[in-house]
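The values are calculated or read from the model by the stated rules, or taken from the named source; none is laboratory data. Bear in mind the structure is a predicted one, so any value in this text is a computation, not a measurement. Glycine also receives a Cβ, built like all others from the backbone with ideal geometry; neighbour counts cover every protein chain displayed.
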């Protein structure tokens with residue numbers, strides 16, 4: 001295997017780790033733009049404000065903007081008329097910063113809430129109330145309870161809605177007389193079945209859609225005329241639908257949002273001129289477009305205006321009178337905050353967007369799909385090595401979730417591998433989001449089997465086409481992706497090796513410890529532990545350890561409360577007892593999902609060295 005002469009001089013593990021910086025949660029307000037930025041060197045999320053071309057960090061040392069509602073958070077900040085409110089990571093309380101004055105010097109955060117056993121997320125300011133809407137998570141008396149609450153900017157709290165197991169995306173209309181939200185109950189997950197509800201002032205709650213558990217709904221919005229919209233997958237794709245007119249937006253059959261693992265998603269906007277600003281996935285690739293249509297006629301044909309076509313993933317849409325804003329990613333650059341001029345679509349990068357590699361050093365994603373099962377197809381993105389004189393080794397990336405997805409954007413880890421002579425397949429196995437409801441729900445009861453079939457088929461297809469050496473294939477994944485990697489190592493003896501980063505090796509152990517949001521997820525993914533006990537035995541890597549023939553490297557956070565260290569260590573010991581080459585690296589200060597740049601770099605270097613010895 002031959003790579004570039006000195007790939008460390010071009011793109012080191014430290015550079016790849018530092019490049020994991022990212023953005024979240026845009027808000028156009030107070031004549032500028034707010035956003036959250038994650039800094040892996042500090043392992044914290046700062047709140048930034050850009051006005052008149054000047055970017056200022058609002059959060060002082062000791063503060064980090066991150067919600068832990070449902071553990072995955074989201075919706076951790078929003079603009080108010082008094083400034084900006086945010087959820088502080090350490091105590092999960094809401095704070096206010098006054099940004100109404102100019103000059104670039106802003107006040108210190110002041111506490112709005114003081115409830116140590118509560119967490120907040122999905123913040124939304126209602127001008128008519130001069131108060132916040134929020135999802136509240138209570139951890140009192142040993143129970144975890146979720147509600148929708150109203151929080152005044154002086155801290156006064158009022159429970160608005162309770163009784164369901166979960167809530168998301170609360171929103172009020174312009175005069176504050178109509179409240180809409182998403183809710184769902186166990187055992188459903190939000191990408192399987194949810195309800196759209198509303199409550200008008202003085203009236204009882206109505207279920208507007210999803211009563212029959214036949215669709216997943218997300219992101220309710222009110223337009224300028226007070227009409228309620230939502231994304232519904234009742235027709236097989238998450239598409240905009242005007243609930244009040246019982247009318248869809250005439251959009252193409254694609255998903256217009258990913259699976260809602262986090263709160264606060266904004267993948268479509270209802271603009272003042274009657275247009276929709278949309279992002280959608282076309283065979284896994286993101287596009288951003290404006291769509292105008294006549295809502296009173298189901299037969300009118302929309303027109304579409306595409307924006308920022310060099311970019312291939314879009315998130316957190318926002319707008320003001322002159323610009324659209326979004327967080328965008330592309331195959332050749334780091335994530336960026338974009339301002340797109342409404343009049344002509346001109347793109348300006350406000351933050352991020354660096355191009356760390358030249359075209360000669362860059363491997364661009366190639367759309368990949370292959371036939372699996374009964375004429376089905378699985379999808380993903382293939383990256384050729386930058387330089388090689390032979391059929392290369394392959395590293396298969398398996399995303400977490402498992403109902404998540406990978407995207408055709410610059411991934412600093414993938415660049416690390418391709419610069420060292422490895423090919424990479426970023427696999428969107430069946431069950432991933434972005435390819436419609438049927439593809440997403442295909443994983444029901446099949447986790448640990450279906451994605452292994454997709455891995456096998458992908459290896460065969462790439463080998464048949466001469467793109468890889470099938471005798472030098474490695475598989476790696478984190479969390480749920482780590483489970484799939486271990487399952488592949490059990491079932492596919494041709495694999496040369498693999499890596500599990502805080503991966504699930506014992507689903508039943510995970511089930512005993514997991515949080516409320518995912519408490520029933522394993523039943524959906526695998527089955528009932530008692531009725532389907534044999535299925536669990538066959539799909540538990542720990543119980544099938546004797547079938548693994550290839551060396552494995554494990555990475556684990558000592559503070560991980562999801563996949564606890566003892567679970568990973570039991571898997572490591574089971575393989576070592578068989579005399580299999582195994583490496584195990586424990587990071588004392590990491591939780592579930594590594595965040596610190598030094599640890600990310602150390603893990604990447606160790607994984608590369610492990611595969612290099614086996615290649």
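Couple of notes before you dig in:
- Selected residue [buried (at least 22 other Cβ atoms within 10 Å of the Cβ) and over 30 Å from residue 166 (Cα atoms)] from 34, 42, 58: 58
- Set 136, 140: member being within 17 Å of residue 70 (Cα to Cα), in contact (Cβ under 8 Å) with a residue 12 or more places away in the chain and surrounded by 21 or more Cβ atoms within 10 Å (Cβ to Cβ): 136
- Scanning segment 603-615 for residues that are within 12 Å of residue 501 (Cβ to Cβ) and in contact (Cβ under 8 Å) with a residue 60 or more places away in the chain, we see that the one that is surrounded by the fewest Cβ atoms within 10 Å (Cβ to Cβ) is 604.
- Residue within segment 247-270 that is free of Cβ contacts under 8 Å to residues at least 12 places away in the same chain and either surrounded by fewer than 24 Cβ atoms within 10 Å (Cβ to Cβ) or under 29 Å from residue 146 (Cβ atoms) (or both) present: no
- For segment 559-577, a tally of residues being closer than 26 Å to residue 394 by Cα and surrounded by fewer than 16 Cβ atoms within 10 Å (Cβ to Cβ) returns 1.
- One residue stands out in segment 71-122 among those that are over 29 Å from the mean Cα position of the chain (by Cα), more than 29 Å from residue 221 (Cβ to Cβ) and modelled with pLDDT under 95: the one that is surrounded by the most Cβ atoms within 10 Å (Cβ to Cβ), namely 106.
- Selected residue (only one of 524, 543 is surrounded by fewer than 19 Cβ atoms within 10 Å (Cβ to Cβ) and in contact (Cβ under 8 Å) with a residue 40 or more places away in the chain): 524
- Wholly within segment 326-412, strands (runs of 3 or more DSSP E) carrying at least 3 residues that are more than 30 Å from residue 518 (Cβ to Cβ): 333-341, 347-352, 366-372
- The single condition from (1) touching a residue at least 60 places away in the same chain (Cβ under 8 Å); (2) not in a helix (DSSP H, G or I) that residue 417 fails is (2).
- Of all positions in segment 575-586, none carries a residue that is out of contact with any strand residue (DSSP E or B) (no Cβ under 6 Å at 6 or more places or on another chain) and either assigned to a strand (DSSP E or B) or in contact (Cβ under 8 Å) with a residue 40 or more places away in the chain (or both).
- Condition broken by residue 68, with the remaining ones in (1) surrounded by fewer than 19 Cβ atoms within 10 Å (Cβ to Cβ); (2) over 25 Å from residue 600 (Cα atoms); (3) touching a strand residue (DSSP E or B) at 6+ places or on another chain (Cβ under 6 Å) satisfied: (2)
- Count of segment 335-368 residues which are under 18 Å from residue 434 (Cβ atoms) and surrounded by fewer than 19 Cβ atoms within 10 Å (Cβ to Cβ): 2
- The set of residues in segment 219-241 being surrounded by fewer than 17 Cβ atoms within 10 Å (Cβ to Cβ) and out of contact with any helix residue (DSSP H, G or I) (no Cβ under 9 Å at 6 or more places or on another chain) consists of 224, 225, 226, 227.
- Whether a residue is at pLDDT 95 or above, under 24 Å from residue 600 (Cβ atoms) and assigned to a strand (DSSP E or B) was assessed, and residue 135 does not pass this test.
- Residue count, segment 301-313 (criterion: more than 20 Å from residue 414 (Cβ to Cβ) and either assigned to a strand (DSSP E or B) or in contact (Cβ under 8 Å) with a residue 60 or more places away in the chain (or both)): 5
- Residue tally, condition farther than 29 Å from residue 602 by Cα and either assigned to a strand (DSSP E or B) or touching a residue at least 60 places away in the same chain (Cβ under 8 Å) (or both), over segment 77-96: 13
- Screening residue 26 with (1) assigned to a loop (DSSP other than H, G, I, E, B); (2) surrounded by 19 or more Cβ atoms within 10 Å (Cβ to Cβ) gives one miss only, at (1).
- Among residues of segment 156-168 that are free of Cβ contacts under 8 Å to residues at least 60 places away in the same chain, those with a beta-carbon under 8 Å from a residue that is surrounded by fewer than 17 Cβ atoms within 10 Å (Cβ to Cβ) and not in a loop (DSSP other than H, G, I, E, B) at least six positions away or on a different chain give the pairs 162/145.
- Residue match in segment 62-76 (condition: assigned to a loop (DSSP other than H, G, I, E, B), touching a residue at least 12 places away in the same chain (Cβ under 8 Å) and more than 27 Å from residue 139 (Cα to Cα)): no
- Filter pass, residue 511 being crowded, with 16+ Cβ neighbours inside 10 Å, in contact with a helix residue (DSSP H, G or I) (Cβ under 7 Å, 6 or more places away or on another chain), closer than 27 Å to residue 188 by Cβ and free of Cβ contacts under 8 Å to residues at least 24 places away in the same chain: yes
- Among the residues of segment 271-287, just one is more than 18 Å from the chain's Cα centre (by Cα), surrounded by 21 or more Cβ atoms within 10 Å (Cβ to Cβ) and within 14 Å of residue 325 (Cβ to Cβ), namely 277.
- All conditions but one from (1) at pLDDT below 95; (2) farther than 29 Å from residue 54 by Cβ apply to residue 343; the one that does not is (2).
- The residues on offer are 212, 188, and the sole one that is part of a loop (DSSP other than H, G, I, E, B) and either in contact with a helix residue (DSSP H, G or I) (Cβ under 7 Å, 6 or more places away or on another chain) or farther than 15 Å from residue 168 by Cβ (or both) is 212.
- Spans of helices (runs of 4 or more DSSP H) in segment 445-520 with at least 1 residues modelled with pLDDT of 95 or more and touching a strand residue (DSSP E or B) at 6+ places or on another chain (Cβ under 6 Å): 450-464, 480-491
- Counted as qualifying within segment 224-300 are the strands (runs of 3 or more DSSP E) with 3 or more residues that are at pLDDT 90 or above and closer than 22 Å to residue 380 by Cα, namely 276-282, 285-292.
- Unmet criterion (only one of (1) touching a residue at least 12 places away in the same chain (Cβ under 8 Å); (2) in a helix (DSSP H, G or I)) for residue 431: (2)
- Considering 554, 594, the condition of being surrounded by 15 or more Cβ atoms within 10 Å (Cβ to Cβ), in contact with a strand residue (DSSP E or B) (Cβ under 8 Å, 6 or more places away or on another chain), touching a residue at least 40 places away in the same chain (Cβ under 8 Å) and not in a loop (DSSP other than H, G, I, E, B) is satisfied by 554 alone.
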